[in-house]
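**Student:** Here's a structure for you.
None of the figures in this text is laboratory data; all of them are computed from the coordinates on show. None of these values were measured; they are calculated from a predicted model. Cβ coordinates were reconstructed from backbone atoms using ideal geometry, including for glycine residues, and neighbour counts include every protein chain displayed.
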Amino acid sequence: MFTHRLVTFFSILVFSMVVQAEDFKVANIHISHPFAKATVPGQISGSAYLKLENKGKSADKLTKVESAIAKSVELHTMEMEGEVMKMREVKEISLNAGEKIEMHPGGGYHIMLVDLRQPLKAGEKFSLTLTFEKAGKLNVIVNVEEKVGTATLVNHQH
């Protein structure tokens with residue numbers, strides 16, 4: 001009985017450490033679940049996603065993202081215009097007081113990793129440095145997840 005309780009305790013402890021490892025904070029900005037999708041051979045760019053939440057009483061902006069894994073990193077948005085998915089670079093992402101923004105594949109905001117220096121392999125991690133106008137800089141660790149399905153960004157326009 002004692003062994004079972006001990007195993008349960010350590011399982012919960014390890015799980016809570018893993019969950020907490022994906023949460024980051026700078027000033028009133030909370031960042032959670034930073035992830036990227038694994039790339040396929042020959043793919044020279046990739047994208048990263050995360051959740052942003054401004055728990056403060058004033059607006060802030062994500063103005064810059066940097067990473068050693070790519071030659072350049074850009075903030076992008078994707079949206080359907082008619083029957084065409086269009087991707088555009090944006091200079092910043094505004095985050096009003098109390099606002100939550102969830103980046104995810106398939107639309108909305110994402111972080112574009114241009115000219116990857118190495119493939120993104122499932123199970124690996126890399127670092128991003130986020131710069132906010134008011135909150136300052138924060139390093140986050142991005143988990144590379146298995147690519148789901150075979151769809152890739154082939155038919156997008158800048």
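**Student:** Apply the a/c threshold of 1.5 to the C-alpha gyration tensor of segment 25-145 and tell me whether it is rounded, prolate or oblate.
**Tutor:** In terms of gyration-tensor shape, oblate.
**Student:** Now a separate question. Using a/c under 1.5 as the rounded threshold, could you call segment 49-102 rounded, prolate or oblate? The axes a ≥ b ≥ c are square roots of the C-alpha gyration tensor eigenvalues, and prolate needs a/b larger than b/c, oblate otherwise.
**Tutor:** Verdict is oblate for segment 49-102.
**Student:** Here is a further query. Exceeding 22 Å between C-alpha atoms, which entries from my cross-link table qualify? They are Lys86/Lys125; Lys51/Lys137; Lys37/Lys71; Lys55/Lys125.
**Tutor:** Check vs 22 Å cut-off fails for Lys86/Lys125; Lys55/Lys125.
**Student:** Given H placed on each backbone N at 1.01 Å, which residues far from His104 in sequence or on other chains put an amide H within less than 5 Å of it?
**Tutor:** Here the answer is Tyr109, since their amide H atoms fall under 5 Å of that of His104.
**Student:** What does the charge dipole of segment 25-145 about its Cα centre add up to, to the nearest 20 debye, if the Cβ of each Lys and Arg holds +1 and the Cβ of each Asp and Glu holds -1?
**Tutor:** So the dipole magnitude of segment 25-145 works out to roughly 440 debye.
**Student:** Further, regarding this structure: Given a cut-off of under 8 Å on Cα pairs at least six residues apart, what relative contact order in percent is computed for segment 25-145?
**Tutor:** Rounded, it is 36 percent for segment 25-145.
**Student:** Sticking with this one: With point charges of +1 on the Cβ of Lys and Arg and -1 on the Cβ of Asp and Glu, referenced to the Cα centre of segment 43-144, which listed residue (Leu52, Val114, Leu138) lies farthest in the positive direction of the dipole?
**Tutor:** In segment 43-144, that residue is Leu138.
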